[in-house]
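Peer 1: Following this message is one structure expressed as structure tokens.
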Amino acid sequence: MIRKVKPQIRVVGFDDGTFSFSSKLKGEKTILVGVVMKGSQEVVGVLSRWITVDGSDATDAMIDAINSSRFKDLRLILLKGITYAGFNVVDLERLHSETGLPAIVVIRKRPDMEAMEKALRKHFRDAEERIDLLRKAPPLLELIPEKLYIQAVGIDGDKASEVIRVTTRTGLLPEPLRLAHMIASAVMMGESTRE
């Protein structure tokens, strides 16, 4: 439980590497990178795991990365969206309960749930399980109209928005997510891409 959001709060922010549609072959992998920071100022470390494109292992990879890391003073998890490596959907409740850490999902564009559900039903045998994970995610809170949304598990909306403020240095995204994106894209493409 976070009582007060300190400027040096230790967080981990996760993003995945890029992949092409040709990489959607069964079992293809992309990198998952977690950047551990004190607020928005100091990088403490980096975690990584490989996850399956359109698989169902993103939640397990995040839990393992956090629970087996040497960073035992983490206070919160930041996620850039709820889906990774295509439609590898994160189970937010399980991530929270098995790490003991609150989680905040940061989204730049309001998701089109109807389109996502339609795509899942068209392409996945386990579509209903994935849709259930999407539906049980907390409601979207709009931080900046039509530009920044969050979903929070294990932390109230006011504290979650304060965490976003404290961990953001430039632009709209918290620094751990911005750096995780740059590192993951560099691993997969040889150089970083813009967030």
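Peer 1: Looking at (1) among the charged types (D, E, K, R); (2) part of a loop (DSSP other than H, G, I, E, B); (3) under 23 Å from Val46 (Cα atoms), find the lone condition where Arg125 falls short.
Peer 2: If we test Arg125 against (1) among the charged types (D, E, K, R); (2) part of a loop (DSSP other than H, G, I, E, B); (3) under 23 Å from Val46 (Cα atoms), just (3) comes out false.
Peer 1: For region 83-101, name all the residues that are open to solvent by 10 Å² or more (accessible area, probe 1.4 Å) and on the phi > 0 side of the Ramachandran plot.
Peer 2: Gly86, Gly100
Peer 1: Gly39 - would you say it is in contact with a helix residue (DSSP H, G or I) (Cβ under 8 Å, 6 or more places away or on another chain) and open to solvent by less than 60 Å² (accessible area, probe 1.4 Å)?
Peer 2: Values: in contact with a helix residue (DSSP H, G or I) (Cβ under 8 Å, 6 or more places away or on another chain): yes; open to solvent by less than 60 Å² (accessible area, probe 1.4 Å): yes.
Yes, satisfied.
Peer 1: Within region 144-175, how many residues turn out to be under 12 Å from Leu76 (Cα atoms) and either among the aliphatic types (A, V, I, L, M) or in contact with a Cys (Cβ under 9 Å, 6 or more places away or on another chain) (or both)?
Peer 2: So the count comes out to 6.
Peer 1: In region 48-82, which residue that is among the hydroxyl-bearing types (Ser, Thr, Tyr) and closer than 23 Å to Ile150 by Cα is surrounded by the most Cβ atoms within 10 Å (Cβ to Cβ)?
Peer 2: Thr59
Peer 1: What number of residues within region 20-53 are at pLDDT 95 or above and of a type in the set (Phe, Trp, Tyr)?
Peer 2: Summing the residues that are at pLDDT 95 or above and of a type in the set (Phe, Trp, Tyr) in region 20-53 gives 1.
Peer 1: Out of region 1-19, which residues are surrounded by 12 or more Cβ atoms within 10 Å (Cβ to Cβ) and modelled with pLDDT under 90?
Peer 2: Scanning region 1-19 gives Ile2, Val5, Thr18, Phe19.
Peer 1: Gly45 passes all but one of (1) surrounded by 15 or more Cβ atoms within 10 Å (Cβ to Cβ); (2) closer than 18 Å to Ala184 by Cα; which number fails?
Peer 2: Going through (1) surrounded by 15 or more Cβ atoms within 10 Å (Cβ to Cβ); (2) closer than 18 Å to Ala184 by Cα one by one, Gly45 breaks only (1).
Peer 1: I would also like to ask the following. Applying the selection to region 40-55, what residues are over 24 Å from Arg108 (Cβ atoms) and under 17 Å from the mean Cα position of the chain (by Cα)?
Peer 2: At the first step, the residues of region 40-55 found to be over 24 Å from Arg108 (Cβ atoms) are 42, 44-45, 50, 52.
Answer for region 40-55, where residues must be over 24 Å from Arg108 (Cβ atoms) and under 17 Å from the mean Cα position of the chain (by Cα): Gly45, Trp50, Thr52.
Peer 1: Filter region 162-177 down to residues that are of a type in the set (Ser, Thr, Tyr) and touching a Pro at 6+ places or on another chain (Cβ under 6 Å) and give me whichever is most open to solvent (accessible area, probe 1.4 Å).
Peer 2: Start the filter on region 162-177 by keeping residues that are of a type in the set (Ser, Thr, Tyr), which leaves 167-168, 170.
If we keep only those that are touching a Pro at 6+ places or on another chain (Cβ under 6 Å) as well, we get 167-168.
Details: Thr167: 0, Thr168: 32 Å².
Among those that are of a type in the set (Ser, Thr, Tyr) and touching a Pro at 6+ places or on another chain (Cβ under 6 Å), it is Thr168.
Peer 1: Among the residues of region 178-193, is any open to solvent by less than 20 Å² (accessible area, probe 1.4 Å), in a loop (DSSP other than H, G, I, E, B) and in contact (Cβ under 8 Å) with a residue 24 or more places away in the chain?
Peer 2: No, region 178-193 contains no residue that is open to solvent by less than 20 Å² (accessible area, probe 1.4 Å), in a loop (DSSP other than H, G, I, E, B) and in contact (Cβ under 8 Å) with a residue 24 or more places away in the chain.
Peer 1: It is to be established whether one or more residues within region 164-171 are out of contact with any Lys or Arg (no Cβ under 9 Å at 6 or more places or on another chain) and outside any helix (DSSP H, G or I).
Peer 2: No, that holds for no residue.
Peer 1: While we're here: What are the pairs with Cβ atoms under 7 angstrom where one residue, in region 119-145, is exposed (fewer than 12 other Cβ atoms within 10 Å of the Cβ) and the other, located anywhere, is part of a loop (DSSP other than H, G, I, E, B)? Sequence gap at least six, or different chains.
Peer 2: From residues that are exposed (fewer than 12 other Cβ atoms within 10 Å of the Cβ), the pairs are Ile144/Leu172.
Peer 1: With the requirement that a residue be in a loop (DSSP other than H, G, I, E, B) and exposed (fewer than 14 other Cβ atoms within 10 Å of the Cβ), what does region 146-161 give you?
Peer 2: Those that are in a loop (DSSP other than H, G, I, E, B) and exposed (fewer than 14 other Cβ atoms within 10 Å of the Cβ): Glu146, Lys147, Asp156.
The values are calculated or read from the model by the stated rules, or taken from the named source; none is laboratory data. Because the structure is predicted, anything quoted here is derived from the model rather than measured. Counting neighbours? That spans all protein chains shown, and the Cβs are built from the backbone with ideal geometry, glycine included. Each accessible area value is taken on the protein alone, full model and side chains, heavy atoms only, with ligands, DNA and RNA left out. Shrake-Rupley method; radii C 1.70, N 1.55, O 1.52, S 1.80 Å.
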